[in-house]
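Working notes, structure below.
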Amino acid sequence: METRRRKAIETTKELADIILQATPHIKSNIHPATRVFQAVRIEVNNELKNVKQVLSDILTLIDVNGIISVISFHSLEDRIVKQFFKRESQKCRCNNIICTCEPPKIELVNKKPIQAGEIELKENPPSRSAKLRIARCIRG
Ligand SMILES: [Zn+2]
């Protein structure tokens with residue numbers, strides 16, 4: 001049986017070209033390798049784990065009336081921030097008949113995330129994926 005030996009990928013350009021060849025051609029201004037590189041970066045930097053850690057650390061560090069502002073740059077990060085803000089601002093998190101929850105630690109400043117407007121999108125295209133969520137600490 002013949003074994004295939006592939007040459008190791010040595011540059012990001014080589015990898016981008018391989019991804020481009022393996023991806024169906026779709027009209028888009030975004031290179032198909034963008035998402036793959038993003039996924040590699042997220043994994044290598046442990047980004048999602050770090051977002052969760054920072055959010056849980058914030059609750060131990062912030063003072064009453066302190067503001068938590070988080071800008072996320074992709075949907076996986078935003079989902080973590082959204083769920084964290086939702087959970088920590090809920091009056092009840094136990095769903096027992098007799099609630100045993102402590103009162104919430106934060107309240108949401110904006111219900112929906114703030115996103116770049118038309119003018120900013122034209123001047124700064126990478127802002128297209130940014131979402132700003134804000135909460136205020138209401139209990140020490
Ligand atoms: Zn409860």
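The values are calculated or read from the model by the stated rules, or taken from the named source; none is laboratory data. Nothing here was measured: the structure is a model prediction, and the numbers come from that model. FYI the Cβ positions are ideal-geometry reconstructions off the backbone, even for glycines, and counts take in every protein chain you see. SASA here: full protein model, heavy atoms, side chains in, ligands and nucleic acids out. Shrake-Rupley method; radii C 1.70, N 1.55, O 1.52, S 1.80 Å.
See the values below:
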read-out: 3J(HN,Hα) from dihedral phi, segment 64-70, Karplus parametrisation 6.51/-1.76/1.60, rounded to Hz, x for glycine, proline; value: 4, 6, x, 10, 9, 10, 10
read-out: Long-range HN-HN contacts of residue 109 with modeled amide H, under 5 Å; value: 134, 135, 136
read-out: Cα centroid separation, segment 118-134 to segment 69-109 (Å); value: 24
read-out: Reciprocal of mean inverse Cα separation for segment 1-108 (Kirkwood radius, Å); value: 18.0
read-out: Loop trypsin sites (Lys or Arg not before Pro), segment 27-68 (other Cβ atoms within 10 Å of the site Cβ: 10 or fewer; DSSP); value: 27
read-out: Amide H partners (placed H, <5 Å) of residue 66, local residues excluded; value: 137
read-out: For segment 126-140, 3J(HN,Hα) per residue [Karplus equation, 6.51 cos²θ - 1.76 cosθ + 1.60, θ = phi - 60°, Hz, x = Gly/Pro]; value: x, 5, 4, 9, 7, 10, 10, 10, 10, 9, 10, 6, 10, 8, x
read-out: The chain - percent of accessible surface contributed by carbon and sulfur, probe 1.4 Å; value: 55
read-out: Computed over the chain: relative contact order in percent, which uses C-alpha pairs under 8 Å that are six or more apart; value: 25
